[in-house]
1. Anything in the stretch 8-23 that is of a type in the set (A, V, I, L, M) and in contact with a Phe, Trp or Tyr (Cβ under 7 Å, 6 or more places away or on another chain)? List them, or say none.
2. If I filter the stretch 42-60 for residues that are modelled with pLDDT of 85 or more and touching a Ser or Thr at 6+ places or on another chain (Cβ under 7 Å), do I get at least one hit?
3. Taking the stretch 182-204 only, how many residues are more than 16 Å from residue 8 (Cβ to Cβ), of a type outside the set (Val, Ile, Thr) and outside any loop (DSSP other than H, G, I, E, B)?
4. Do we have residue 73 as at pLDDT 90 or above and either surrounded by fewer than 17 Cβ atoms within 10 Å (Cβ to Cβ) or under 18 Å from the mean Cα position of the chain (by Cα) (or both) here?
5. So which pairs qualify, if the first residue must be in the stretch 113-128 and under 18 Å from residue 173 (Cβ atoms), the second must be modelled with pLDDT of 90 or more and among the charged types (D, E, K, R), the Cβ gap must be under 7 Å, and the two must be at least 6 apart or on different chains?
6. Within the stretch 123-130, can one find any residue that is under 17 Å from the mean Cα position of the chain (by Cα), of a type in the set (Gly, Ala, Ser) and surrounded by 16 or more Cβ atoms within 10 Å (Cβ to Cβ)?
Amino acid sequence: MRIVLLGAPGSGKGTQAERVSEATGMVHIASGDLFRKAEKEGTELGRIAKSYMEKGLLVPDEVTIRMIMERIGQIDGGFMLDGFPRTIEQARALDEALPEDQSIDKAIYIKVSTEELLRRLGGRWICRECQAPYHMVSSPPKVAGKCDRCGGELYQRADDNMETAQKRLDVYFSQTAPLIDYYEQRRILVEVNGEQPIEEVNRDFLALLG
């Protein structure tokens with residue numbers, strides 16, 4: 001199955017993507033990870049992307065699409081796209097780039113209220129090494145300040161305060177609302193209640209894949 005994963009910052013999208021990938025073998029393709037990997041390896045696309053990022057510019061859609069299609073070409077089974085597409089234009093470009101037999105089967109939206117998202121974002125910490133997400137209330141690390149997975153240092157991003165979090169959510173929802181409509185019109189959008197405990201969200205998510 002080929003999935004587009006939608007969810008606002010703080011929705012638990014990264015946690016669910018990791019769990020679903022482990023449970024099903026579906027490959028998790030996170031656009032941010034692709035950029036970091038390509039930049040680190042010094043690939044042609046990595047150099048192009050870096051040239052934009054160094055100037056504080058958004059990486060053009062065609063570069064991101066090429067990077068994603070290159071990764072998809074290395075996969076035999078299903079995949080989960082995370083962080084892309086973010087806009088209708090990107091969704092259309094993705095649909096055009098994918099062969100008919102590899103078209104998106106479902107867009108799964110992890111839905112969480114703005115109030116809950118703001119509560120979660122205020123206590124979020126991230127591993128500096130592997131980017132694993134933690135929350136001091138709902139999913140704290142076993143050892144304070146250290147990643148359970150790789151032992152890396154945990155840090156809180158400067159933009160994880162309420163005012164900045166609200167701005168990030170405003171931008172996300174302004175971009176994503178039309179994208180949700182786009183996949184709804186294609187009749188492939190399904191929603192998961194992201195305000196449930198992690199295990200229940202995971203159960204509902206996996207049920208959608210069955």
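The values are calculated or read from the model by the stated rules, or taken from the named source; none is laboratory data. Please read these numbers as outputs of a predicted model, since none were measured by experiment. FYI the Cβ positions are ideal-geometry reconstructions off the backbone, even for glycines, and counts take in every protein chain you see.
1. Within the stretch 8-23, 8, 20 meet the criteria.
2. Within the stretch 42-60, none of the residues are modelled with pLDDT of 85 or more and touching a Ser or Thr at 6+ places or on another chain (Cβ under 7 Å).
3. 8
4. No: the conditions fail for residue 73.
5. 113/195; 116/195
6. No.
A quick yes/no check of all residues on (1) at pLDDT 90 or above; (2) assigned to a loop (DSSP other than H, G, I, E, B):
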residue	(1), (2)
80	yes, no
94	yes, no
104	yes, yes
110	yes, no
117	yes, no
141	yes, yes
151	yes, yes
157	no, yes
164	no, no
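So that you can scan it fast, the table gives a plain yes or no per residue for (1) under 30 Å from residue 202 (Cβ atoms); (2) assigned to a helix (DSSP H, G or I); (3) at pLDDT below 85:
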{"site": "3", "(1), (2), (3)": "yes, no, no"}
{"site": "16", "(1), (2), (3)": "yes, yes, no"}
{"site": "19", "(1), (2), (3)": "yes, yes, no"}
{"site": "37", "(1), (2), (3)": "yes, yes, no"}
{"site": "62", "(1), (2), (3)": "no, yes, no"}
